[in-house]
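J.: Below are the C-alpha cells for one structure; questions will follow.
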Amino acid sequence: MHLIIQFFRELSKEKMRMFLTVSAIAWGAANVVLLLSVGEGLGRQMRRGFHGMGENIMIAFPGQTTKPYAGFGAGRSIRVREDDLPLLERRVPEIAQYSAEWIRDVDLKVGEKIQREDALGVYPVYGELRNILPESGGRFIDKLDMDRRRRVIVLGNELRDDLFGAGAEAVGRTIMVNNIPFTVVGVMQKKMQTSCYSGHDKDDSFIPSTTFQTMFSPEYVRNVVFRPRSVAEAPAAKEGFYRVMASRYRFHPEDKETFWVWDTIEMGAIAGKVFIGIELFLGVIGALTLLVGGIGVANIMYVIVKERTREIGIKIAVGARPSVIIVQFVLESLLTVAIGGALGIGLALSLVKGINLIPISHEAMEFLTRPVFSSLLALVCISLLGVIGLLSGVFPARRASTVDPVEALRYE
Amino acid sequence: MIELEKVSKVYRMGTVPVVALDGVSVEIAAGEFVSVLGPSGSGKSTLMHLIGCLDTPSGGTYRLDGRRVEGLKRNDLAEIRNRKIGFVFQNFNLLGYATALENVELPMVYKKMRGRERKSKALELLGLVGLGDRAVHRPSELSGGQRQRVALARALANDPEIILADEPTGNLDSQSGREIVQLFRKLHQAGKTVIVVTHDKTIAAETRRVLNLFDGKLVSDSPNH
Ligand SMILES: Nc1ncnc2c1ncn2[C@@H]1O[C@H](COP(=O)(O)OP(=O)(O)OP(=O)(O)O)[C@@H](O)[C@H]1O
Ligand SMILES: [Mg+2]
C-alpha cells in the first residue's frame, strides 16, 4: 500500500518522464501483441490455404528411371495402369485411401455459354482426399456413379459462377461436356487453396473416372493421390508405394526419379518450421521495441534512485535491510511496466478486433488482416513484460540498496 | 556497552587522505548520559556514525555489547540500527511525504511489526514527545522543534537501548532546544544510554560525562558534577 501511494507520488512529481516511459512500454507491448497476432493470423491463413488442396496427402506423378535395372536401361518412362493400383491397398497397409486421377481439357456448355476448362476423372474418395466438399444440396461423385458410369459432374464454385451466374443453383441442371449431356450433382464449397498441381479446384470440374474412361479411353493414369493411415506412418506409406510400384514396373526401389511424390505432410512440416521462424522473427522485433521501453524504465528508475538518495539513506539509517530497498524499487518498475503493458495490450487488442471487422475480399489481404490473439500469445507478452520489468528494476534497485547512509544524509 | 579501541576513520578526498578520527578509545556503559564536544570538523559526527553502525571504522575495533561490529553482514547491521540504536540528526531527516505517524512507524515496519500494533505504539510515542495531536501532519506542517520531537519518537520506535543524537538542537531555537534536552534527560532516567553531540555548553552541563574531541582525537573525558 505504502509502495503504491509512493508510486503515485513519484508519478505526479515526474509526470512528463513517467508519461514517456509508460508510453514507451505501452508502444512496445502493443507492438509485440500486434506483430505476434498478425503473425499468428498469417500462419493460420497459410495453413488453411495449404490444406485447401487436402490434408495429409501425397500426390505421385510417374517419371523416368535413372538406374538400369533387371535388363532395362536408364531413362525408361514409367507408365501406370489403373488395374495395378489395387495392389497399393493390398500390399501397403499404411496407405488408407487412394484415387487415380486423369485430366482433360473439355468444352463446357450451358445454354449459349461455352467455356474451355479442365475436367478431372476421379474416384469418390477424391473429394475427401482433396478437400472438395459439396455445397449444401449437392454431393460428390459416389460409388453408384462409378458402377453405372453415370454422366454426372461436380463443378468448382467459380466455374459454376461463370456458367450459371454467381451463386446460382446448379445442382440438377444439365451441362454439355464435349456435347454430351451431364447432370450437375454438386458444387464445391468455396475454400482457400494456395497450392495446386492442375489449376485451382474452384475452376475445375470432376466426373467419375469410369465415365472419363468411356469418353477418352486413356491408357495410363496421370497421377495417384493417396493418404497414409496416419502422419506417423507417412514415410512407411511412401516407401510402400515405391516398393509396390518397383516390383510391378520393375525398377530399382531406391530410384526415386521414377515417381515425383508431392508429400504435403513433409511440406507442411517444413512450412510449419518456416512459419515458426517468421513468428519468432516478428516476436523478436516486438520484443526489441519493448526492450527500448525497458531501457527507458531502467533509466527513469536510476533517476528516481538518485533523486531519492536521501529518502533511501533515511530508510537504511532506521534499519531497512538491503532487500527491502531492492524490493521497493523492483516493485515500482514492475508497476510502471504493468501499467504501460496493460495500456499497450489493451490498445493492441482493440486494434486486432477492429482489423478483423474490416470486410476483405482480396485474397492477398486476407493473410494480413485476420490477426489472432491467443492465450498463449497473452502468456508470452506478459512474461516478456515481467522479465523486462524485473530487469529494468533490478539494476537501479541494487544501486539504491548500496546507498551510503552517511553520505546520503550529510547534506540538506 | 560500547567499546571503542583505537578506532580511526580515514576518508579519501581524491588522493589526499583525511583523518576524521585518529585512534579514539572509549568505553560507554549502559545507562550513561554522555555529551560529545569539539570544534567543527573535529570528528564528532564521524564518531556518532561509527557508534550508530551507519559507517564502519578504517582501523581499530568497535565492540557493541561484546560483539565486534566490523565483521557483521549488512543485514546484521541493519538489524542493529533498527532495534538497538535510535539516531537523531541535526536536520531531522524525516520522510517529507509521510505523516508524523508514518515516520514514527517506519522502523517498526522494518521490524515487521503488525499494522495495528505499530500504529498504537507510534501514537503512544508521539504522545510521549507531546505531539499526540499532530499525528497526521506532514513535516512541512510542523515547526523545527516539533519535527525534532517526531524524529526522537521515531528513534524510540523499537525501544532501543542506545539513543544517539548529533547536534539535535543545532537547528532549533533555545526554547525548543530545552524541551528536547528535557526529553533526553527523561530517557536517561528511564535507563537508556544517551549520547549527544553539541556545541551548547548548557546542554553539556546536563550530562554526566563529557567527551572532548579535537582534530579527530579524544583529548578529554571527564565526569560532570
Ligand atoms: N565523506 C567524507 N569525505 C571526506 N571527508 C570527510 C567526510 N566526512 C567527514 N569528512 C571530514 O572528516 C572530518 C570530521 O568530520 P565530522 O563531520 O565528523 O566533523 P564534526 O565534528 O561533526 O563537525 P561539525 O561540528 O561541523 O559537524 C572533517 O575534516 C570532514 O571534512
Ligand atoms: Mg557534525
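J.: Could you compute the FRET efficiency for B:A29 and B:R185, with r as their C-beta to C-beta distance and R0 at 22 Å, rounded to 0.05?
T.: With a Förster radius of 22 Å, E is 0.80.
J.: Counting only protein heavy atoms and rolling a 1.4 Å probe, how much accessible area do A and B lose on contact, total for both sides, in Å² to 100? Don't skip to the end; give the middle numbers.
T.: Working: alone 20610 and 11110 Å², together 29660 Å².
So the buried area, both faces added, is about 2000 Å².
J.: While we're on this one: With unit charges on the beta carbon (Lys/Arg positive, Asp/Glu negative), name the residue among A:P228, A:S198, A:L133 whose Cα is farthest towards the positive pole of the charge dipole of the stretch A:79-250.
T.: A:P228
J.: Okay, next question. Would you mind computing the Rg to Rh ratio of the stretch B:11-136 from its alpha-carbon coordinates, Kirkwood style for Rh? Don't skip to the end; give the middle numbers.
T.: Details: Rg = 17.5 Å, Rh = 17.2 Å.
That ratio is 1.02, to two decimals.
J.: Moving on. Relative to the first principal axis of the alpha-carbon coordinates of chain B, what is the inclination of helix B:144-155, with its axis defined by its Cα atoms, in degrees from 0 to 90 and to the nearest 10?
T.: Helix B:144-155 sits at roughly 80 degrees to that axis.
J.: Which residue, A:A26, A:A166, A:A338, has the most motion in a Gaussian network model of chain A that connects Cα atoms within less than 10 Å?
T.: With Cα springs under 10 Å in chain A, the top fluctuation among A:A26, A:A166, A:A338 is at A:A166.
J.: Distance between Cα centroids, the stretch A:211-266 to the stretch A:102-160: provide it in whole Å.
T.: Value for the Cα centre distance between the two parts: 23 Å.
J.: Right, another one. Have a look at the stretch A:317-341 and report residues whose accessible surface goes down by 40 Å² or more when the remaining protein chains are included, against the chain on its own, probe 1.4 Å, ligands and DNA/RNA excluded.
T.: A:A317, A:V318, A:G319, A:R321, A:P322
J.: P(r) for the protein assembly as shown: what percent of alpha-carbon pairs falls in each 10 Å bin, starting at zero?
T.: Answer for the protein assembly as shown: a P(r) of 3, 12, 15, 13, 10, 8, 7, 7, 8, 8, 6, 3, 1, 0 percent.
J.: May I pose another question? Would you mind getting the accessible area per residue of the protein assembly as shown, heavy atoms of the protein chains only, 1.4 Å probe, in Å²? Working shown, then result.
T.: Working: 29660 Å² over 637 residues.
Accessible area per residue: 47 Å².
J.: So what's the net charge close to A:S23: Lys and Arg +1, Asp and Glu -1, counting the other residues with Cβ under 13 Å from its Cβ? Can you show the working numbers first?
T.: Working: positive: A:K15, A:R17; negative: none.
Here the count lands on +2.
J.: Give the accessible area for B:H188 in Å² (nearest 10); use a 1.4 Å probe, count only protein heavy atoms, and leave out ligands, DNA and RNA.
T.: Here the residue's solvent-accessible area equals roughly 30 Å².
J.: Using 1/(1 + (r/R0)^6) with R0 = 56 angstrom and r between the beta carbons of B:E124 and A:N356, what's the FRET efficiency to the nearest 0.05? Working shown, then result.
T.: On the way: r = 63 Å, r/R0 = 1.12.
After rounding to 0.05, the efficiency reads 0.35.
J.: Under 1.5 on a/c is rounded, so check that first for the stretch A:272-325, then, if it is not, pick prolate when a/b is larger than b/c and oblate when it is not; a ≥ b ≥ c are the square roots of the alpha carbon gyration tensor eigenvalues.
T.: oblate
J.: Relative to the Cα centre, what is the charge dipole magnitude of chain B, using +1 at the beta carbon of each Lys and Arg, -1 at the beta carbon of each Asp and Glu, and rounding to the nearest 20 debye?
T.: Details: 32 positive and 26 negative charges, 128 e Å.
Charge dipole, chain B, about its Cα centre: 620 debye, nearest 20.
J.: Do me a favour and compute the ellipsoid semi-axes for the stretch A:79-250 from its Cα gyration tensor, root of five times each eigenvalue, largest one first, whole Å. Can you show the working numbers first?
T.: On the way: eigenvalues 182, 61, 35 Å².
Here the semi-axes work out to 30, 17, 13 Å.
J.: Taking +1 at the Cβ of each Lys and Arg and -1 at the Cβ of each Asp and Glu, which of A:A96, A:V106, A:P181 sits farthest along the dipole of the stretch A:79-250 towards its positive end, judged by Cα position relative to the Cα centre?
T.: A:A96
J.: When the accessible area of the protein assembly as shown is computed with all protein chains present and a 1.4 Å probe, what percentage of it is carbon and sulfur? Before the final figure, lay out the partial values.
T.: On the way: 16950 of 29660 Å².
Answer for the protein assembly as shown: carbon and sulfur cover 57 percent of the accessible area.
J.: Let me ask another. Looking at the protein assembly as shown, send over the antiparallel percent of its DSSP beta bridges, to the nearest 5. Before the final figure, lay out the partial values.
T.: Numbers: 57 of 82 bridges.
Roughly 70 percent of the DSSP beta bridges within the protein assembly as shown come out antiparallel.
J.: Choose one answer from A:A400, A:A317, A:A348: the residue with the largest mean-square fluctuation in a GNM of chain A with alpha-carbon springs under 10 Å.
T.: Taking springs between Cα atoms under 10 Å, the residue moving most is A:A317.
J.: Here's another thing I want to ask about it. Please compute, for peptide B:86-93, the average count of beta-carbon atoms on other protein chains lying within 10 Å of each residue's beta-carbon.
T.: On the way: counts 1, 6, 0, 3, 2, 5, 2, 10.
Per-residue shielding by partner chains comes out at 4.
J.: Moving on. Specify the inter-centroid distance of the stretch B:38-53 and the stretch B:185-217, based on alpha-carbon positions, in whole Å.
T.: Rounded to whole Å, the Cα centres lie 13 Å apart.
J.: A further question follows. Counting DSSP beta bridges with both partners in the stretch A:136-225, what percentage is antiparallel, nearest 5?
T.: On the way: 6 of 10 bridges.
Counting only bridges with both partners in the stretch A:136-225, antiparallel ones make up about 60 percent.
J.: For chain B, set up a Gaussian network in which alpha carbons nearer than 10 Å are linked by springs, and say which option among B:V19, B:V150, B:V210 fluctuates the most.
T.: B:V19
J.: How large is the helix-only mean residue ellipticity at 222 nm for chain A, computed as the sum of -39500 (n - 2.57) over DSSP H runs with n ≥ 4, divided by its residue count, in deg cm²/dmol to the nearest 500? Don't jump to the answer; show the numbers that get you there.
T.: Values: 14 runs with 224 residues, N = 412.
Helix-only estimate at 222 nm: -18000 deg cm²/dmol.
J.: Would you kindly state how much longer the chain becomes between B:R68 and B:S220 on full extension, computed as 0.36 nm times their sequence separation minus their alpha carbon distance, in nm to one decimal? Working shown, then result.
T.: Working: separation 152, 0.36 × 152 = 54.72 nm, distance 2.50 nm.
Once the chain is fully extended between B:R68 and B:S220, it gains 52.2 nm.
J.: On to the next question. What average count of beta carbons from other chains do you get within 10 Å of the Cβ of residues in B:207-214? Write out the running numbers ahead of the final one.
T.: Working: counts 0, 0, 0, 0, 0, 0, 0, 0.
That average works out to 0.
J.: Any chance you could check the Cα centroid distance between the stretch A:367-399 and the stretch A:294-345 for me, in angstrom?
T.: With the stretch A:367-399 and the stretch A:294-345 each reduced to a Cα centre, they are spaced 19 Å.
J.: Okay, next question. Among B:P168, A:N31, A:A70, whose Cα sits farthest toward the positive end of the charge dipole of the protein assembly as shown (+1 at Cβ of Lys/Arg, -1 at Cβ of Asp/Glu, about the Cα centre)?
T.: Farthest along the dipole direction, towards plus: B:P168.
J.: Mind putting together the pair-distance distribution for the stretch B:96-225? All Cα pairs, 5 Å bins, whole percent per bin, short to long.
T.: 2, 10, 19, 20, 19, 13, 8, 6, 2, 0
J.: Counting only DSSP beta bridges with both residues in the stretch B:2-223, tell me the antiparallel percent, nearest 5. Let's see the in-between values first.
T.: On the way: 22 of 39 bridges.
Of all bridge pairs located within the stretch B:2-223, approximately 55 percent are antiparallel.
J.: Let me know the mean shielding of B:154-165 by other chains, meaning the per-residue number of their Cβ atoms within 10 Å of its Cβ. Write out the running numbers ahead of the final one.
T.: Numbers: counts 2, 1, 0, 2, 2, 0, 1, 0, 0, 0, 0, 0.
Shielding by partners across B:154-165 averages 1.
J.: If you wrap the stretch A:109-211's Cα atoms in a convex hull and average its projection over all directions, what's the area in nm²? Can you show the working numbers first?
T.: Values: hull surface 24.1 nm².
Seen from a random direction, the Cα hull of the stretch A:109-211 projects 6.0 nm² on average.
J.: Counting only protein heavy atoms, probe 1.4 Å: which residues of the stretch B:69-83 lose 30 Å² or more of accessible surface in the full assembly compared with their chain by itself?
T.: In the stretch B:69-83, residues shielded by partner chains: B:R74, B:N75, B:A78, B:R81.
J.: Compute, for the protein assembly as shown, the length of the dipole vector about the Cα centre, with Cβ point charges of +1 (Lys, Arg) and -1 (Asp, Glu) only. Units Debye, rounded to 20.
T.: Working: 80 positive and 70 negative charges, 248 e Å.
Using Cβ point charges on Lys, Arg, Asp and Glu, the protein assembly as shown gives about 1200 debye.
J.: Something else now. For the stretch A:79-250, what is the charge dipole size about the Cα centre, in debye to the nearest 20, if Lys and Arg each add +1 at the Cβ and Asp and Glu each add -1 at the Cβ? Please list the in-between numbers first.
T.: Values: 27 positive and 26 negative charges, 99 e Å.
For the stretch A:79-250, the charge dipole is close to 480 debye.
J.: OK, next. Taking amide H atoms as placed 1.01 Å from N in the peptide plane, list the residues 5 or more away in sequence, or in a different chain, whose amide H sits under 5 Å from that of A:D107.
T.: The answer is A:N178.
J.: Can I ask one more? Using the Kirkwood radius built from alpha carbon pairs, what does the Stokes-Einstein equation give as D for the stretch A:279-388 at 20 °C and 1.002 mPa s, in µm² per second? Spell out each step's value before the answer.
T.: Numbers: Rh = 16.8 Å.
Estimated via Stokes-Einstein, D reaches 128 µm²/s.
The values are calculated or read from the model by the stated rules, or taken from the named source; none is laboratory data. Every value quoted in this text rests on a predicted model; they were computed, and no experiment measured them. Cβ atoms come from the backbone with ideal geometry, glycine included; neighbour counts cover every protein chain shown. Calculation scope for accessible area: heavy atoms of the full protein, side chains included, ligands and nucleic acids excluded. Shrake-Rupley method; radii C 1.70, N 1.55, O 1.52, S 1.80 Å.
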